1. Can you say whether Leu97 is surrounded by fewer than 17 Cβ atoms within 10 Å (Cβ to Cβ) and touching a helix residue (DSSP H, G or I) at 6+ places or on another chain (Cβ under 6 Å), as far as the supplied structure shows?
2. Only one of Ala82, Ala135, Ala114 is in contact (Cβ under 8 Å) with a residue 12 or more places away in the chain and over 16 Å from the mean Cα position of the chain (by Cα); which?
3. Wholly within region 153-241, which helices (runs of 4 or more DSSP H) include no fewer than the required count, namely at least 2 residues that are at pLDDT 95 or above, out of contact with any Cys (no Cβ under 6 Å at 6 or more places or on another chain) and assigned by TED's automatic domain parsing to the domain that holds Glu85?
4. Can you find, within region 164-183, the residue that is farthest from Thr129 (Cα to Cα) among those that are crowded, with 20+ Cβ neighbours inside 10 Å and in contact with a helix residue (DSSP H, G or I) (Cβ under 6 Å, 6 or more places away or on another chain)?
5. Can you confirm whether Gly141 is buried (at least 16 other Cβ atoms within 10 Å of the Cβ), within 16 Å of the chain's Cα centre (by Cα), part of a loop (DSSP other than H, G, I, E, B) and touching a residue at least 60 places away in the same chain (Cβ under 8 Å)?
6. Among the candidates Val216, Val237, single out the residue that is out of contact with any helix residue (DSSP H, G or I) (no Cβ under 7 Å at 6 or more places or on another chain), among the hydrophobic types (A, V, I, L, M, F, W, C) and closer than 26 Å to Thr106 by Cα.
7. Looking only at helices (runs of 4 or more DSSP H) that fall completely inside region 1-92, which ones have 3 or more residues that are of a type in the set (Val, Ile, Thr), at pLDDT below 80 and touching a strand residue (DSSP E or B) at 6+ places or on another chain (Cβ under 9 Å)?
8. Please state which one of Thr117, Thr109, Thr129 is buried (at least 18 other Cβ atoms within 10 Å of the Cβ) and in contact with a Phe, Trp or Tyr (Cβ under 6 Å, 6 or more places away or on another chain).
Amino acid sequence: MSEDYSRNNPSPDLVQQMVLIDIRNMLQSMGKDIRSFPLPDIDHSYDDASHIPREIFEEASIEQDPKDVLLCDSLNAKQRSAYDEIMADVYSKQGGLFFADGPSGTGKTFLYRALLTKLCSSDKLAVATATSRVAASIMPGGRTAHSHFKIPLTIEEGGCCRFTKQSGTAKLLQQASLIIWDEASMTKRQNVEALDNSLRDIMGQSDLSFGGKTVVLGGDFRQVLPVVRKGSKAQIVGASL
């Protein structure tokens, strides 16, 4: 458990406390008391924030690379245009859907990092995900979309993510100012639609795409398309965004 937290938190003390609070909450859900086990004590200075869902606490604790602060000033013309439009949408709180399209090496991740750093410095929450673990690892706090959004491994048309309105994941997404999903072109269309359906539900905005959230999808349709086992060309195309 500590490895999950230490990836985004350099402080060993903070990591230990987050793990202990997580264990305590799990034990409480089973009707047990953490004090019955030979574990270190929970520091109340950390426990004061225990009413905050773990997902939000962890996201807000992500350490940003100090060098990323300068990324905004290094954007090229196309990146700057996308950056300004996305940030304007975030601050307007009107919601919007963007797609960053381009071959590998054209600076999509550079744009993502600039957006994430700006929002973090403004005390706003942003969720960074990718279809693959490798792509997720190069973004601050990045995780796979299946892990972050609790997307079922097997999903049908009209499906939803596996989190409830009362869950920490739902509360995180409700508060998030921006959601980034890199390599979305490599995932099945049903996975993106599941996130769309779930966000419409938890935001109470069934008539707005992604519940009115600002969402940035990225990828390159010239690369690998979604994998459909023994699928025909038509089935592969049908599974694509």
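1. On the way: surrounded by fewer than 17 Cβ atoms within 10 Å (Cβ to Cβ): yes; touching a helix residue (DSSP H, G or I) at 6+ places or on another chain (Cβ under 6 Å): yes.
When the stated conditions are applied, Leu97 passes them.
2. Values: Ala135 fails: over 16 Å from the mean Cα position of the chain (by Cα); Ala114 fails: over 16 Å from the mean Cα position of the chain (by Cα).
Step by step, each of Ala82, Ala135, Ala114 is checked, and only Ala82 is in contact (Cβ under 8 Å) with a residue 12 or more places away in the chain and over 16 Å from the mean Cα position of the chain (by Cα).
3. Numbers: elements: 168-175, 189-203, 233-239.
By residue number, 168-175, 189-203.
4. Selected residue: Ala170.
5. Working: buried (at least 16 other Cβ atoms within 10 Å of the Cβ): yes; within 16 Å of the chain's Cα centre (by Cα): yes; part of a loop (DSSP other than H, G, I, E, B): yes; touching a residue at least 60 places away in the same chain (Cβ under 8 Å): yes.
When the stated conditions are applied, Gly141 passes them.
6. Numbers: Val216 fails: out of contact with any helix residue (DSSP H, G or I) (no Cβ under 7 Å at 6 or more places or on another chain).
Exactly one of Val216, Val237 is out of contact with any helix residue (DSSP H, G or I) (no Cβ under 7 Å at 6 or more places or on another chain), among the hydrophobic types (A, V, I, L, M, F, W, C) and closer than 26 Å to Thr106 by Cα, namely Val237.
7. Working: elements: 2-6, 12-29, 44-47, 54-60, 77-92.
It comes to none.
8. Numbers: Thr117 fails: in contact with a Phe, Trp or Tyr (Cβ under 6 Å, 6 or more places away or on another chain); Thr109 fails: in contact with a Phe, Trp or Tyr (Cβ under 6 Å, 6 or more places away or on another chain).
Result of the check over Thr117, Thr109, Thr129: Thr129.
The values are calculated or read from the model by the stated rules, or taken from the named source; none is laboratory data. None of these values were measured; they are calculated from a predicted model. So basically every Cβ, Gly included, is an ideal-geometry build from the backbone, and we count neighbours across all protein chains shown.
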